[in-house]
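The structure appears right after this line, and notes come after that.
The values are calculated or read from the model by the stated rules, or taken from the named source; none is laboratory data. Note that this is a predicted model, so its numbers are computed, not measured. All Cβ positions, even for glycine, are placed from backbone atoms using ideal geometry, and neighbour counts span all protein chains on display. Just the protein is used for accessible areas: all its heavy atoms, side chains included, with ligands, DNA and RNA removed. Shrake-Rupley method; radii C 1.70, N 1.55, O 1.52, S 1.80 Å.
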Amino acid sequence: MALNIGASGIIRPYVKYNAKSDKWFIRAEGGGDLEIARPTFLLDLANIRTGWLRFQEGQAPERLIDPALDKVAPTPGEGFKRGFVVMAFSPKFFGGAVEMASASIHVSNAIRDVYAVFEEQAGRTENRGKVPVIACTGADAMKDKYGTNYRPKLELTKWVDRPAEFPDASAVEESEVWKGNAAAASKPAPAGHVPPPAARPAPQPVYETDF
Amino acid sequence: MSNPFERHGIGHLSASSLNLWAAEPALWIMERLLGRRSPSGIPAARGKAVEAGVNIGLHDPALSVEACIEEAESAFDRETTLNPDPRRDEERKKLPGYVRGALAELRQYGLPDADGYQGKVEIRLDDIAVPVIGFVDWRFSAHGLIVDLKTTERLPSAIGASHGRQGAVYATAHGNFGMRFAYAKPAPAKGDGRQVQVLEMSGDDVRAHLAALRLIALSLGRFLALSHDARELAGLIVPDFDSFYWSDPSVRAAGRDVFGF
C-alpha cells in the first residue's frame, strides 16, 4: 500500500530535515535547533501515521491524522498539507527516541519510497518483529518553481531487534486521529487503559459480642 | 558442581538480567560474569526518583504533591550527582510532571501495603536451578493488584516483552493478584489530557512471558555450562557496538577492553 502523502513543517521538532538547506537538526538542549550529521537510525515504519499537518510561525503545530494508512481524513482547512508522523531512534544521532514529522513534499516522497521497501521486506520471516535501520546517504537537488530544494536519500540497510527504549507504539495521540463528527465532541478512554479499582467500603466495626 | 549458574557465582536470576541476556549477551557477560557493571543511566535514575516521590505520596495521602516532588528531586540528585550525561538537567525538569501525573492516578487506588514498596519476590522456573527474583513497586492487597510504575515520553499501546517478563515474575509470586503497569508521561497530552496509561496483564500474558523467561534462562544455563572460565565464554560472543546498549562512552571503553575491538 502506498502512503497517501507527498506534499513543510514539523509538529514536534525532535528531529527534522530541512529540505531547503539539506541539513538535519535535532532539538538542542534548552531549545532551538542543533545541526547533526547525516544520521543512521531506526525508523518505526510499522507505526507510521499519515495525515494533514499545518505548521505556522508562532503557533502550535496542528495535525489531523488519517484513521488508517488507506483512509485519508478530510482536509481540515487552509494551510494543511499531507505529511507523516513517525518515531525514530538513535542514541548516537538523536540521543534516543524522537519524533519525526514533516509535510515537506520532498521528505514525504523520500519516506514514501523507503516505506515501499519496508513493506516489501517486512513480511519476510527473518524480519518479523524487527525494526528497519535507515541511513541517510546523501541528497538529491530538486529544482522547481520554488528554487532548489533537497530530497534526502534514505536507504533501508538492515533489520534489527527493537530496543526496549523504542516502544512499539504510535507516535500520535488517539485524540489526533480523525473520527468524523462524533469524535470531535468526545474524548474516548485510551485503548486498553484500566481505570482504578472501585473504592472498597470501610470495614464494619466488629464487636466482641459477634464472636 | 553441576549447577552452571552457581559455578559462575550466580545465585539468582532476574527478569532484567534475562532480558539483557536475550537482547545483548555480550553486555550481559561483561556485566554479570566479568563484573564490569555499566553506570546507571539517566532514564533509570529518573524512574527511581519518580517512584520515590510517588511512594511517599501514596503512603501518606495527606502529603502535598510539592513534598513528593521534592523527594523525587532529591533522589534524582543523589543518583546523578556525578553523572555527566547532558540529558540530566532536562530530565530533572520533568520530574514534577511525572510525579503529579502518577500521583493523580495512583492515589485513586488507596493505600498500598505498608511493607510493599520494593518488596522482594522470588519464583522458581522449571528446570532452572536458581530462583528468579524481583522487587515490586506497590502491592494493593485490598484490590488484589500489583502496580509497577514506568516513566516514559510516550504512552505505549501494549505492554512490551521486557516489561511483560518483569510483570510475569511479580504476578507469579503473588498468586491471584492482577499485574498492572502504570505508564506516566511528564505532561498531559495536548489532545485529550491523558498523562497516565494503566495496562493490565492477562493470565495468558503472564503464562506466555513466564514460558519465555524459562527458555531464556535455559539458554543462559546451557551457555554457562560450556566453560567455568568467564573469559573463555566472552570469547564466544561478539558484541554489537552499534547497539544503544553500548552508547555510553565508559561502557564502550569497557567493551573494547573485554572484547578487544
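Of all the listed residues (B:Asp148, B:Asp113), the sole one being modelled with pLDDT of 90 or more and farther than 17 Å from B:Pro43 by Cα is B:Asp113.
Against the list (1) touching a helix residue (DSSP H, G or I) at 6+ places or on another chain (Cβ under 7 Å); (2) open to solvent by 20 Å² or more (accessible area, probe 1.4 Å); (3) among the small types (Gly, Ala, Ser), the condition B:Gly11 fails is (1). Restricted to helices (runs of 4 or more DSSP H) entirely inside the stretch B:21-91, no element has at least 1 residues that are at positive phi, within 14 Å of chain A (Cβ to nearest Cβ) and not polar (S, T, N, Q).
One residue stands out among those in the stretch B:231-261 that are within 19 Å of B:His8 (Cβ to Cβ) and out of contact with any helix residue (DSSP H, G or I) (no Cβ under 7 Å at 6 or more places or on another chain): the one that is nearest to the other protein chains (Cβ to nearest Cβ), which is B:Leu236.
Taken over the stretch A:82-93, the criterion of being more than 14 Å from every other protein chain (Cβ to nearest Cβ) and open to solvent by less than 10 Å² (accessible area, probe 1.4 Å) is satisfied by A:Gly83, A:Phe84.
Sort out which residues of the stretch B:92-126 are touching a Ser or Thr at 6+ places or on another chain (Cβ under 6 Å), part of a helix (DSSP H, G or I) and among the aliphatic types (A, V, I, L, M), and write them in order of number.
From the stretch B:92-126, those touching a Ser or Thr at 6+ places or on another chain (Cβ under 6 Å) are B:98, B:113, B:123; that's our starting set.
Among the residues that remain, those that are also part of a helix (DSSP H, G or I) are: B:98.
If the condition is that a residue be touching a Ser or Thr at 6+ places or on another chain (Cβ under 6 Å), part of a helix (DSSP H, G or I) and among the aliphatic types (A, V, I, L, M), then no residue fits.
Across the stretch A:52-81, the number of residues qualifying as in a strand (DSSP E or B), away from every other protein chain (no Cβ under 12 Å) and aliphatic (A, V, I, L, M) comes to 2. Note on the stretch A:32-51: residues that are part of a helix (DSSP H, G or I) and buried (at least 21 other Cβ atoms within 10 Å of the Cβ) total 1. None of B:Gly97, B:Gly9 is away from every other protein chain (no Cβ under 14 Å) and on the phi > 0 side of the Ramachandran plot except B:Gly9. Can you say whether B:Ala102 is among the hydrophobic types (A, V, I, L, M, F, W, C), surrounded by 15 or more Cβ atoms within 10 Å (Cβ to Cβ), within 14 Å of chain A (Cβ to nearest Cβ) and under 20 Å from the mean Cα position of the chain (by Cα), as far as the supplied structure shows? Considered against the rule, which asks whether it is among the hydrophobic types (A, V, I, L, M, F, W, C), surrounded by 15 or more Cβ atoms within 10 Å (Cβ to Cβ), within 14 Å of chain A (Cβ to nearest Cβ) and under 20 Å from the mean Cα position of the chain (by Cα), B:Ala102 comes out as yes.
Here is the figure for the stretch B:151-169: residues that are at pLDDT 95 or above and either within 23 Å of A:Ala198 (Cβ to Cβ) or assigned to a loop (DSSP other than H, G, I, E, B) (or both) total 1. Here the condition is being of a type outside the set (Gly, Ala, Ser), facing chain A (nearest Cβ under 9 Å), open to solvent by 30 Å² or more (accessible area, probe 1.4 Å) and more than 19 Å from the chain's Cα centre (by Cα); of B:His143, B:His163, it holds for B:His143 alone. When the criteria are applied in full, B:Ala187 meets the requirement of being part of a loop (DSSP other than H, G, I, E, B), surrounded by fewer than 19 Cβ atoms within 10 Å (Cβ to Cβ), more than 10 Å from chain A (Cβ to nearest Cβ) and in contact with a Gly (Cβ under 8 Å, 6 or more places away or on another chain).
Only one of the numbered conditions (1) charged (D, E, K, R); (2) within 23 Å of B:Ala129 (Cβ to Cβ); (3) surrounded by 15 or more Cβ atoms within 10 Å (Cβ to Cβ); (4) touching a helix residue (DSSP H, G or I) at 6+ places or on another chain (Cβ under 9 Å) is violated by B:Arg214, and that is (4).
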